[in-house]
Structures are given as C-alpha cells and as structure tokens.
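The structure under discussion appears below in the form of structure tokens.
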Amino acid sequence: MENEIKDSIFSEQVMEYSQKQILDLDKNFSFHNFIQGAKEAFKIIVEAFNNKKVDEIKHLVSTEVYDNFQKAINIKYNNYETFNISSVKASILNIEVVKNYANIKVKFLSSQKVTLNNKIKNLENIKDIWTFKKDMTTNSLVWKLVEVGTD
C-alpha cells in the first residue's frame, strides 16, 4: 500500500541537520524514545477524547488543542460514534527548532474500530498528523500536543 507508514522513525523529509539541532539542545535526546512516547500519548489522548475525559489530558495539550477537542466532543457525541485503537504506527515527518523550542511533526497511522450507536461499524485505517512542542531547556519529559491535522 503506497500510503502505509514504514516502521522507520524518520520519513524521507527529515534532514540530518534538523536531527542534529535537537541533539545540540539535548545531548541525551533519543528519537526512538520520543516516537515510543508519541505513540503512547496518541493512545492516551484519543482514549480520553473518546471517553469525553479531555480534562485528564489537559497537561499534554496546548490550550488551543484542548478547546478544539471540547468543541469536537460536543459535535461528535451527537452521533454516538467512538473509535477504539487496535494498532498504531508512527514516523517523524518534520523537526523544527526555533531558539530553545523544538517542534516535531509526527504522522500516525492507526487501525481503529468504529462504533456507531453501539454497533461496530468497521475497522478503519486513520491517518493523523500531530505536532508536539517542547522547551528543550526544561527538565520536563512532556511534549505538548500543539497541532492536530490529517494528511
């Protein structure tokens, strides 16, 4: 399948220079650990969204993303549709470093069971593109989700 994400951490667009910029800010940064954490964050955030519990993930998302999730929940739950994640693949699409802040754009391909009105509708492959941001001068391990989009 031509749109399928390979099990590679980086897409072909990620330049070694941008990888080096992150490592210049944090010598111990691990791209492997980042992508594993991003996949876990994806599952946690989608699950919180599906269960209408976005307050539980407020510390993981920017104010703008939080507000958009709240609005989307009000629209989505008029249709009683939920998604359960069965698998997730991820790769880094882009790295941007501005001063001490790093933005990492990640493409997720997930298989999700769609339930509509308590009946399993089908299994869908869903593509999401999320951007995580972090001040690299802090000791925090948390990367905030600052942008959510699709391919």
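Structure notes:
- Screening Ala72, Ala90 for residues that are touching a residue at least 24 places away in the same chain (Cβ under 8 Å) and either loosely packed, with under 12 Cβ neighbours inside 10 Å or hydrophobic (A, V, I, L, M, F, W, C) (or both) leaves exactly one candidate, Ala90.
- Here Lys134 qualifies as without any contact (Cβ under 8 Å) to a residue 40 or more places away in the chain, of a type in the set (D, E, K, R) and surrounded by 13 or more Cβ atoms within 10 Å (Cβ to Cβ).
- Selection count, region 25-53, where residues are in contact with a strand residue (DSSP E or B) (Cβ under 8 Å, 6 or more places away or on another chain) and closer than 25 Å to Asn139 by Cα: 10
- Among the residues making up region 47-61, those that are crowded, with 17+ Cβ neighbours inside 10 Å and either touching a helix residue (DSSP H, G or I) at 6+ places or on another chain (Cβ under 7 Å) or touching a residue at least 60 places away in the same chain (Cβ under 8 Å) (or both) are Ala48, Phe49, Val54, Ile57, Leu60, Val61.
- A Cβ distance below 9 Å, combined with a sequence gap of six or more or placement on separate chains, defines the contacts here; from region 1-29, residues that are within 13 Å of Ala102 (Cα to Cα) reach residues that are modelled with pLDDT of 85 or more and of a type in the set (D, E, K, R) in the pairs Ser18/Glu96; Gln21/Glu96.
The values are calculated or read from the model by the stated rules, or taken from the named source; none is laboratory data. On a predicted model such as this, the values are computed, not experimentally measured, just so you know. Glycine also receives a Cβ, built like all others from the backbone with ideal geometry; neighbour counts cover every protein chain displayed.
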